[in-house]
Each structure stands twice: as C-alpha cells, then as structure tokens.
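I have placed the structure first, in the form of structure tokens, so that the comments after it can refer back to it.
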Amino acid sequence: MQGDLVKWVSARGQGHDKGIVGRVMFGIFLDVTGRKQAEEGHELLAGEMSHRVKNLCSPSPRA
C-alpha cells in the first residue's frame, strides 16, 4: 500500500520453500489492480440489480 492506495498483485513463480534464505526464485508479478476494481464494480452492480428485481417482483402492500 502507498498511503490509502491499494494495489492488487498476482504472482507466479518457482522455487523451493525449504531453506529459502539465500536461494534464488524465478517468477513474475503482475499488477491486476484494474481487473480487481472492475470485478468489484460488477459485483456491486449485480447486487444492486438483484435487489431491484426482487423489489419489482414482490407484491406491493395494499393501502
């Protein structure tokens, strides 16, 4: 994190955990922040749509 900024990272690699100190590991780190933000936006939108559909389908109270 940088201040209040949140970054999402995807990591893939190879190496051995046993005695890892002083060992070499190979891999890549990818910044997937944009993808995660889009996923969170889609989840929020799907939840809101579900809520609205339930409200439309529920019987309205009689006055």
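Using a simple charge model, +1 on the beta-carbon of Lys and Arg, -1 on the beta-carbon of Asp and Glu, nothing else, what dipole does the chain show about its Cα centre, in debye to the nearest 20? Mind showing how you got there, number by number?
Details: 9 positive and 7 negative charges, 36 e Å.
Roughly 180 debye for the chain.
Taking only protein heavy atoms and a 1.4 Å probe, what accessible area per residue, in Å², does the chain have with all protein chains in place?
Values: 6340 Å² over 63 residues.
Ligands and nucleic acids excluded, the figure is 101 Å² per residue.
Could you tell me which label, among [x] 29; [y] 36; [z] 63, carries the value of percent of Cα pairs over 19 Å apart calculated for this structure?
The calculated read-out lines up with [z].
Would you list which lysines come within 23 Å of Lys36, measuring only between C-alpha atoms, while excluding same-chain residues fewer than 8 positions from it?
Leaving aside lysines fewer than 8 places away in the same chain, those within reach of Lys36 are Lys7.
Ignoring ligands, DNA and RNA, what percent of the 1.4 Å accessible area of the chain is carbon and sulfur?
Details: 3690 of 6340 Å².
Answer for the chain is 58 percent, counting heavy atoms of protein chains only.
The values are calculated or read from the model by the stated rules, or taken from the named source; none is laboratory data. What you are looking at is a predicted structure, and each value in this text was computed from that prediction instead of being measured. Backbone-built Cβ (ideal geometry, glycine too); neighbour counts: all protein chains shown. When the accessible area is computed, the model is the full protein with side chains, heavy atoms only, and any ligands, DNA or RNA have been set aside. Shrake-Rupley method; radii C 1.70, N 1.55, O 1.52, S 1.80 Å.
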